[in-house]
1. Output needed: percent of Cα pairs per 10 Å distance bin for region A:26-240, bins running from 0 to the one holding the longest distance.
2. Using the Karplus equation 6.51 cos²θ - 1.76 cosθ + 1.60 (θ = phi - 60°), what ³J(HN,Hα) coupling, rounded to whole Hz, does each residue of region B:2-18 give in order, writing x for Gly and Pro?
3. What does the charge add up to near residue B:237, with Lys and Arg as +1, Asp and Glu as -1, over the other residues with Cβ less than 13 Å from its Cβ?
4. Remind me, what semi-axes does region A:70-134 give for its equivalent ellipsoid, largest first in whole Å, using sqrt of 5 times each Cα gyration tensor eigenvalue?
5. Which residues, if any, in region B:1-30 have at least 30 Å² less accessible area in the whole protein complex than in the isolated chain, probe 1.4 Å?
6. Among A:215, A:150, A:167, which residue has its Cα furthest toward the positive end of the charge dipole of the protein assembly as shown, with +1 on Lys/Arg Cβ and -1 on Asp/Glu Cβ?
7. Can you work out the Karplus-derived ³J(HN,Hα) for every residue in region A:106-121? Use 6.51 cos²θ - 1.76 cosθ + 1.60 with θ = phi - 60°, whole Hz, and x for glycine or proline.
8. Counting Lys and Arg as +1 and Asp and Glu as -1, what is the net charge of the other residues whose Cβ lies under 13 Å from the Cβ of residue B:111?
Amino acid sequence: MSSRPTLIGENGLRHDHRRPDELRPIKMEVGVLKNADGSALVEFGNTKVIAAVYGPREPPAKYMLSPEKAIVRCRYHMAPFSTIERKSPAPSRREIELSKVIREALESAIFTELFPRSAIDIFIEVLQADGGTRTAGLTAASLALADAGVPMRDLIAAVAVGKVDGVIVLDIDEVEDEYGEADMPIGIMPSINQVVLLQLNGVMTREEFDIAMDLAMKGVSEIYRLQKEALSKKYMLYTEE
Amino acid sequence: MSVTPMQPPIPKLKKEAIVSALKKGNRVDGRSFEDFRSITIELNPIPKRSNGSALVKLGNTSVLVGVKIGVERPFPDRPNEGVLQVHAEFVPLASPSFEPGPPDENAVEVARVIDRCLRESKSIDLGELVIVPGKYSWSIYNDIYLLDHDGNVTDASTLASMAALNVAKLPKLVSVENDQVRIDYSTMDKPLPVKLNVVTVTVVKIGGYILVDPNLDEEILAEAKAAIGIDSNGRIVGIQKSGGGLSVSEVRYAVDIAIKKGRELLTLLEKTLKTV
């Protein structure tokens with residue numbers, strides 16, 4: 001591994017010339033797959049993630065169903081070509097953990113009680129990884145659910161904040177994740193003030209944690225705006241017709 | 001793939017008793033919201049075969065951690081560091097709902113959360129565990145074995161891991177010649193370079209109330225859960241939220257409680273370690 005790069009320059013800018021509170025260029029598109037009931041493609045800089053939703057539909061096995069609510073099945077998976085070195089397509093421990101935290105985040109947004117005895121399946125494929133893949137994936141999955149017409153309490157907007165060279169920054173990329181001091185992915189339902197995904201990998205003081213939370217809220221509100229824009233881009237056409 | 005788990009049923013009466021007690025400001029087992037259950041830490045219950053071990057009982061939850069130390073080639077991207085791995089097994093004898101098989105998502109999550117807390121806080125100085133850079137280093141395997149499951153496996157496992165790592169001893173390094181290392185595995189030599197201690201504090205939200213150290217019933221009823229890692233410098237060294245959502249102010253409150261309770265757990269751990 002090469003030596004540690006400078007993450008915050010003398011001008012206060014980051015290694016990719018962003019300000020500490022600046023997101024990467026974000027692209028979102030809804031309804032990108034034909035077969036899925038709902039789908040979305042989300043890019044945070046070079047991070048590129050696609051999500052698809054099937055359902056609510058009959059679960060593959062009877063023993064899985066719940067008489068009270070829909071079960072949610074979720075897979076976060078990285079394509080073999082998405083990483084610097086080829087990633088084995090077999091699920092890693094990391095993917096097992098992330099599938100769980102993403103499933104729990106989405107499950108708290110969906111009105112599962114409206115669909116007893118059914119399953120809602122969410123598949124997230126990371127196509128290119130450059131940091132923030134779980135937050136881009138969660139953002140995409142939430143859009144795909146909306147596209148599938150699954151009733152939700154709110155959209156989930158997610159972003160990773162971090163600490164690099166002692167500075168709290170928004171939307172960290174892979175270099176900042178690798179060499180920085182902390183990575184804190186957050187997923188929020190902004191309109192109802194619910195934090196549905198929160199992890200901290202790294203070290204922060206109590207004060208830094210507060211700053212990071214505030215910065216995350218700021219990033220999330222912009223991502224939330226873009227999500228609504230992406231949805232209206234597809235669905236406003238229909239209403240205008 | 002992660003699937004909505006089938007929750008074990010909890011009697012309605014029990015559920016109502018738990019929630020109505022919370023409304024009066026206490027818990028059915030007599031604890032306050034910020035009380036841990038009674039904690040015992042037994043050091044080195046596996047003295048002959050493990051390099052270090054600890055058995056922690058947190059109420060009726062029981063976790064055994066065994067540390068095994070060997071020699072391995074360091075990871076290619078970390079030639080100057082030893083190897084640390086944390087694994088967790090939720091063996092079927094610990095709960096009627098556990099099945100034999102490879103670790104499920106819950107066991108993987110607990111192991112990875114503890115791994116990150118230890119690694120990110122630099123609790124163990126991996127740089128001191130290199131024998132020949134790029135060729136040989138000590139490998140530390142911290143295996144968490146859940147024996148009896150009554151909730152809050154994470155905090156019991158972190159405490160047991162930290163205790164076991166503190167008492168663990170490296171085997172004796174006999175010689176390093178011409179890039180060949182000779183180890184005397186039967187002789188315990190130096191302790192591990194533990195630089196600071198780490199604990200986790202788990203909080204749950206039930207009926208809008210935030211409580212620490214949930215037992216199994218409370219865990220099943222919980223609307224949300226968060227495990228927060230705290231080190232002996234009072235820093236936050238990891239967070240893992242699971243289950244449903246928390247408001248931003250609830251998250252901040254949970255972190256404050258964790259810092260306060262974490263200090264108490266660290267004091268207890270350090271007091272226990274002084275007895276050896």
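1. 9, 34, 36, 17, 4, 0
2. Coupling constants for region B:2-18: 9, 10, 3, x, 7, 6, x, x, 10, x, 4, 4, 5, 4, 5, 4, 5 Hz.
3. Residues close to residue B:237 contribute a combined charge of +1.
4. Values: eigenvalues 144, 23, 17 Å².
After scaling each eigenvalue by five and taking roots: 27, 11, 9 Å.
5. Going by heavy-atom accessible area, the residues of region B:1-30 that drop by at least 30 Å² are B:1, B:2, B:3, B:4, B:6.
6. Checked the options; the winner is A:150.
7. Going residue by residue, I get 5, 5, 6, 8, 7, 7, 5, 5, 7, 10, x, 6, 10, 10, 10, 9 Hz, with x marking Gly and Pro.
8. On the way: positive: A:93, A:94, A:100, B:112, B:116, B:119; negative: A:97, B:89, B:104, B:105, B:109, B:115, B:143.
Neighbour charge sum, excluding residue B:111 itself: -1.
The values are calculated or read from the model by the stated rules, or taken from the named source; none is laboratory data. Predicted model only: the values in this text are computed from it and were never measured. Neighbour counts are summed over all protein chains in view; Cβ atoms, including those assigned to glycine, are modelled from backbone coordinates with ideal geometry. Side chains included, ligands, DNA and RNA excluded: accessible areas come from the protein's heavy atoms. Shrake-Rupley method; radii C 1.70, N 1.55, O 1.52, S 1.80 Å.
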